[in-house]
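*Asks:* Please find one structure pasted underneath; my questions will follow.
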Amino acid sequence: MDSFSTLIRTASHEQHVEAETSTFMSDLLGGRLGVDAYARYTEQLWFVYEALEAGAEKLASDPVAGPFIQPELFRLTALERDLAHLRGPGWQAGVSALPATRAYADRVRECAEEWPAGYIAHHYTRYLGDLSGGQIIRDKAEKTWGFEKKGDGVRFYVFEEITNPAAFKRGYRELLDAVRADDLEKQRIVAECKKAFALNTGVFRALGEEFPLSA
Ligand code: HEM
């Protein structure tokens, strides 16, 4: 039987392609959007990571989700620095969650509070993605909008404390393979992962509607 890390990756492959090829992501990576769209997207990420990381301290002692809580992954401080750069020092007063973002953050919070194994699905979907494809987005953002390399504006994509992302990802997959869950619970985690991808696609869809291309 496949390892759990392989299972979750292959089972969510289709959803990954869907998120990756969404109109908003394609336009962003194609350099067709203004920095305001990028800032709006970064705002949405703030709500998602607020939900992911607000519950992290409590989950750190959880037998199932605990091993996944690794402070070197935390993104909230980086996001706040990016937003201060993108929106100015008063950024916090101006941010708002799109309904799709609200739904996503609510689901993350619900898992964090009631279902630690489900939280792992959300943790995996975001952080392993940020360590992977996130680097492509960073490179594009730096080139398109002229942010300093790995500086303010793209700090979200820079994991200062992870010097070897490939090794970190290997370790993360080992954590997945060792997850304390029976087969049925693992299937539920996979289903939650697909849901996590769908929630991301929902946010992209809403952003795409807010930033349609005139051409
Ligand atoms: C245009 C945007 C994206 C690009 C270019 C992209 C690209 C990639 C690439 C190249 C990998 C493989 C890295 C490796 O083999 O280690 C990867 C993995 C991953 N991506 Fe994305 N991705 C994008 C969007 C997303 C989104 C929106 C999510 C979810 C929110 C996501 C979640 C993941 C996850 C969870 C993995 C790890 C798969 C695994 O090895 O288990 N990606 N991505």
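*Asks:* Compute for the range 57-166: radius of gyration divided by Kirkwood radius, i.e. Rg/Rh, restricted to C-alpha atoms, rounded to two decimals.
*Replies:* With Rg and the Kirkwood Rh in hand, the quotient comes to 0.99.
*Asks:* Moving on. Which ordering of Glu20, Glu210, Glu114 is given by a fewest-first count of other beta-carbon atoms within 10 Å?
*Replies:* By the 10 Å Cβ count, ascending, the order reads Glu114, Glu210, Glu20.
*Asks:* Further question on the same structure: Compute the length gained on full extension between Val35 and Asp2: take 0.36 nm times their separation in residues and subtract their Cα-Cα distance, giving the result in nm to one decimal.
*Replies:* Residue separation times 0.36 nm, minus the Cα-Cα distance, leaves 7.7 nm.
*Asks:* Please report Arg102, Arg9 as a ranked list, fewest other C-beta atoms within 10 angstrom at the top and most at the bottom.
*Replies:* Arg102, Arg9
*Asks:* Which length gain, in nm to one decimal place, applies between Arg81 and Thr10 when the Cα-Cα distance is subtracted from 0.36 nm times their residue separation?
*Replies:* Taking 0.36 nm per residue and subtracting the Cα distance, the gain is 22.1 nm.
*Asks:* Here is a further query. How do Ile162, Ile189, Ile69, Ile136 rank when sorted from fewest to most other Cβ atoms within 10 Å of their own Cβ?
*Replies:* Least crowded to most crowded, the residues run Ile136, Ile162, Ile69, Ile189.
*Asks:* A further question follows. Determine the gain in length on full extension of the stretch Thr163-Ala181; use 0.36 nm per residue of separation and subtract their C-alpha separation, reporting nm with one decimal.
*Replies:* Result for the pair: 3.5 nm of gain on full extension.
*Asks:* Mind checking which lysines have their Cα closer than 17 Å to the Cα of Lys150? Skip sequence neighbours fewer than 8 apart in that chain.
*Replies:* Lys140
*Asks:* Another question about this same structure. Could I have the simple spin-label model distance between Lys58 and Arg205, label points 7 Å from Cα toward Cβ, reported in nm to one decimal?
*Replies:* The modelled label-to-label distance comes out at 3.0 nm.
*Asks:* Under 20 Å Cα to Cα from Lys194, which lysines show up? Leave out anything in the same chain fewer than 8 places away.
*Replies:* Lys169, Lys186
*Asks:* Also, I was wondering about something else. Helix-only mean residue ellipticity at 222 nm, the chain, DSSP H runs n ≥ 4 weighted -39,500 (n - 2.57), per residue, nearest 500. What is it?
*Replies:* When only DSSP H runs of four or more count, the value is -20000 deg cm²/dmol.
*Asks:* I would also like to ask the following. Quick one: grab the alpha carbon gyration tensor of the range 5-87, order the square roots of its eigenvalues as a ≥ b ≥ c, and give me rounded if a/c is under 1.5, else prolate or oblate depending on whether a/b is larger than b/c.
*Replies:* Since a/c reaches 1.5 but b/c is at least a/b, the shape of the range 5-87 is classed as oblate.
*Asks:* Projected onto the charge dipole of the range 4-210 (+1 at Lys/Arg Cβ, -1 at Asp/Glu Cβ, origin at the Cα centre), which of Ile162, Trp46, Ala178 gives the Cα projection farthest towards the positive end?
*Replies:* Positive-end residue among those listed: Ile162.
*Asks:* Given H placed 1.01 Å from N in the peptide plane, which residues other than close sequence neighbours of Gln70 have an amide H under 5 Å from its amide H?
*Replies:* For Gln70, no residues qualify.
*Asks:* Here is a follow-up. Taking the chain as a Gaussian network, Cα atoms linked when under 10 Å apart, which of Leu79, Leu184, Leu29 shows the biggest mean-square fluctuation?
*Replies:* Among Leu79, Leu184, Leu29, the largest mean-square fluctuation in the Gaussian network model of the chain belongs to Leu184.
*Asks:* Moving on to the next point. Just the projected area, averaged over all directions, of the convex hull on the alpha carbon atoms of the chain: how many nm²?
*Replies:* Reported value for the Cα convex hull: 11.6 nm².
*Asks:* Just check the range 122-215 against the gyration tensor rule for me: Cα atoms, a ≥ b ≥ c as the square roots of the eigenvalues, rounded for a/c under 1.5, and otherwise prolate or oblate depending on whether a/b exceeds b/c.
*Replies:* It comes out oblate by the Cα gyration axes.
Values quoted throughout were computed directly from the atomic coordinates according to the rules given, and no laboratory measurement underlies them. Since we're looking at a predicted model, the values are computed, not measured. All Cβ positions, even for glycine, are placed from backbone atoms using ideal geometry, and neighbour counts span all protein chains on display.
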